[in-house]
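Structure record follows, encoded as structure tokens.
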Amino acid sequence: MELSTILIIVAVYIVFTIIKSRSTDSTATMSHGKVVNVDNEVIFKALTSSGPVVIDFYATWCGPCKAVAPKVGEFSDKYENVRFIQIDVDKLGSVAQQLGVTAMPTFVFFKDGQEFGQRVRGANLKALEEGIKGLSA
């Protein structure tokens with residue numbers, strides 16, 4: 001084989017290895033449904049500035065966060081007038097700190113740029129859906 005052929009094969013192998021490692025990354029987001037993962041403070045402010053918003057503060061290592069993620073996705077499909085975003089506290093800790101989030105998962109409700117109603121700490125799906133109903137009314 002020629003050297004150029006070997007180099008092409010090696011380059012293709014490296015590209016496929018990188019793509020595969022990204023698709024099986026253990027730190028991937030836990031989003032489901034219409035939940036938007038936010039990792040930038042400016043985008044966070046823009047998405048929470050208007051309308052009803054549910055913010056899911058989570059961590060990739062958090063078992064309860066992983067358990068409720070599919071149900072949060074279902075809520076995002078069911079309550080179409082509410083925007084659902086999630087924030088990985090390890091990637092965007094500044095926002096979690098500004099809002100005083102100390103446990104995961106924590107759900108914070110915003111309406112037109114202001115915090116609305118009571119927060120839901122933990123994987124309390126009944127309280128979460130009640131908060132969403134109050135927010136969307």
Next item on the list: Search the stretch 113-137 for residues that are over 26 Å from K45 (Cβ atoms) and of a type in the set (A, V, I, L, M) and pair each with any residue that is at pLDDT below 95 and loosely packed, with under 14 Cβ neighbours inside 10 Å when their beta-carbon atoms are under 8 Å apart and the residues are at least 6 apart or on different chains.
Entry: A123/A67
Notebook entry, point to check: Residues in the stretch 103-122 that are hydrophobic (A, V, I, L, M, F, W, C) and either farther than 19 Å from K34 by Cα or surrounded by fewer than 13 Cβ atoms within 10 Å (Cβ to Cβ) (or both): how many?
Noted result: 4
Next item on the list: Take the stretch 38-61 and flag every residue that is over 13 Å from the mean Cα position of the chain (by Cα), farther than 23 Å from E80 by Cα and either buried (at least 20 other Cβ atoms within 10 Å of the Cβ) or among the aliphatic types (A, V, I, L, M) (or both).
Entry: V42
Next item on the list: Inspect the stretch 86-102 for any residue being touching a Gly at 6+ places or on another chain (Cβ under 8 Å), of a type outside the set (K, R) and surrounded by 19 or more Cβ atoms within 10 Å (Cβ to Cβ) and give the result as yes or no.
Entry: no
Notebook entry, point to check: Do we find a residue being at pLDDT below 95 and surrounded by 14 or more Cβ atoms within 10 Å (Cβ to Cβ) anywhere in the stretch 5-12?
Noted result: no
Next item on the list: Please indicate, with yes or no, whether at least one residue in the stretch 78-101 is farther than 18 Å from E115 by Cα, touching a Lys or Arg at 6+ places or on another chain (Cβ under 7 Å) and in a helix (DSSP H, G or I).
Entry: no
Next item on the list: Could you give me the residue pairs with C-beta distances under 7 Å whose first residue belongs to the stretch 41-60 and is in contact (Cβ under 8 Å) with a residue 60 or more places away in the chain, whose second residue is surrounded by fewer than 13 Cβ atoms within 10 Å (Cβ to Cβ) and among the acidic types (D, E) wherever it lies, and which are 6+ apart or on separate chains?
Entry: S50/D112; G51/D112
Check: What is the residue count in the stretch 45-77 for residues that are within 23 Å of E130 (Cα to Cα), out of contact with any helix residue (DSSP H, G or I) (no Cβ under 9 Å at 6 or more places or on another chain) and either part of a strand (DSSP E or B) or among the aliphatic types (A, V, I, L, M) (or both)?
Finding: 3
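The values are calculated or read from the model by the stated rules, or taken from the named source; none is laboratory data. Given the structure is predicted, the values throughout are model-derived calculations rather than measurements. Backbone-built Cβ (ideal geometry, glycine too); neighbour counts: all protein chains shown.
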